[in-house]
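Enquirer: Below is one structure. I have some questions about it.
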Amino acid sequence: MFTHAIVRIPCENFAQGLTTSGHLGAADYSLMLKQHEAYCDALRSLGLTVDVLEAQASYPDAHFVEDTAVVIDEIAVITNPGAPSRSGEQVSIEPALAKYKAVARIEAPGTMDGGDVLLVGKQFFVGQSERTNAEGFKQFARIVAEHGYQAVSVPVGEGLHFKSGVNHIGSNRLLVTPDFAQCEALEGYEIFVTPEGEEYAANALLINDTLITPAGFPGVRAVLDATGLDVIELDMSETRKMDGALTCLSLRFSA
Ligand code: CIR
């Protein structure tokens, strides 16, 4: 059960962050702020206490706080983000999490982005991507094993992060892009594949008994409605222009 979330206000130069989505057009700051506020309000409406960190102009991607830590009941694992321009974002996340949790760290040469890390029950799936390397995975697996969690490494291939393509939508269900439809590591789960053109919506955010989904993806919305869980839609247009999605904008945990 999540009770808390940490978010960070996007900085004015957020559109200078990393992106491969230039074809979607230039991201707009005032709209981004509005959408970010709606995101925070949605978390609050689900009963979460939301700690809002200040914007960080030196790191245009810093509002994607998910990449800087992985938080479980027992501990917060501070990552070492894999993109050079994001290396260092983790420094100011640590005190925000240390208020609630004991802390461990992924150390260089290990790299890891939290967007590559999915937890289902006591099982972690860790994408090996351009951001998360084998050494990062090894350190992470060792840390979480001390708390009774398993971790398996899964190649990510084309996408940015593992959670760009695979997310938990409650019970034994995973929502995946076609790239992960035959993924061996996911055997045993009930797999729902995003319809063509709706791959972006594979990044659904499960908060307790509610699923948050990006607006504008009717096929995925139908899949989520069929789970019987409550569903909230949010406009994610400006986050998407910077390769971000729902999970990226917060760290969720129980405190
Ligand atoms: C980046 O490329 O690092 C950012 N522009 C987007 C990060 C999105 N984070 C996530 O999916 N967890």
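Enquirer: List the strands (runs of 3 or more DSSP E) inside region 169-221, counting only whole elements, that have at least 3 residues being modelled with pLDDT of 95 or more, out of contact with any Pro (no Cβ under 7 Å at 6 or more places or on another chain) and of a type outside the set (Phe, Trp, Tyr).
Expert: 173-176, 205-207, 210-214
Enquirer: Please identify the pairs in which a residue from region 231-255 that is of a type in the set (A, V, I, L, M, F, W, C) has its Cβ atom under 6 Å from the Cβ atom of a residue that is in a loop (DSSP other than H, G, I, E, B), counting only partners at least 6 apart or on another chain.
Expert: Every condition considered, the pairs that remain are Met242/Gly17; Met242/Thr19; Met242/Ala27; Ala245/Asn203; Leu246/Asn203; Cys248/Phe64; Ala255/Thr3; Ala255/Tyr100.
Enquirer: Also: Which members of region 1-13 meet the condition of being in a loop (DSSP other than H, G, I, E, B) and buried (at least 17 other Cβ atoms within 10 Å of the Cβ)?
Expert: Phe2, Ile9, Pro10, Cys11
Enquirer: Take the residues in region 230-253 that are part of a strand (DSSP E or B) and touching a Leu at 6+ places or on another chain (Cβ under 9 Å); name whichever of them is surrounded by the fewest Cβ atoms within 10 Å (Cβ to Cβ).
Expert: Asp230
Enquirer: While we're looking at this one, here's another question. Kindly indicate whether Thr194 is in contact with a Ser or Thr (Cβ under 7 Å, 6 or more places away or on another chain), hydroxyl-bearing (Ser, Thr, Tyr) and either on the phi > 0 side of the Ramachandran plot or buried (at least 22 other Cβ atoms within 10 Å of the Cβ) (or both).
Expert: yes
Enquirer: Can you name the condition, by its number, that Asn167 falls short on among (1) polar (S, T, N, Q); (2) within 16 Å of the ligand (Cβ to nearest atom); (3) surrounded by fewer than 22 Cβ atoms within 10 Å (Cβ to Cβ)?
Expert: The failed condition is (3).
Enquirer: Would you point out which residue out of Glu199, Glu238 is within 15 Å of the ligand (Cβ to nearest atom) and in contact with a Ser or Thr (Cβ under 9 Å, 6 or more places away or on another chain)?
Expert: The conditions single out Glu199.
Enquirer: Any idea how many residues of region 89-114 are in a helix (DSSP H, G or I), touching a strand residue (DSSP E or B) at 6+ places or on another chain (Cβ under 9 Å) and away from the ligand (no atom under 16 Å from the Cβ)?
Expert: 6
Enquirer: Of the residues Val126, Val144, Val152, Val120, which single one is within 16 Å of the ligand (Cβ to nearest atom), within 24 Å of Ser250 (Cα to Cα) and β-branched (Val, Ile, Thr)?
Expert: Result of the check over Val126, Val144, Val152, Val120: Val126.
The values are calculated or read from the model by the stated rules, or taken from the named source; none is laboratory data. Computed from a predicted model, the values in this text were never measured in an experiment. Don't worry about glycine lacking a Cβ; one is built from the backbone with ideal geometry, like all the others, and counts go over all protein chains shown.
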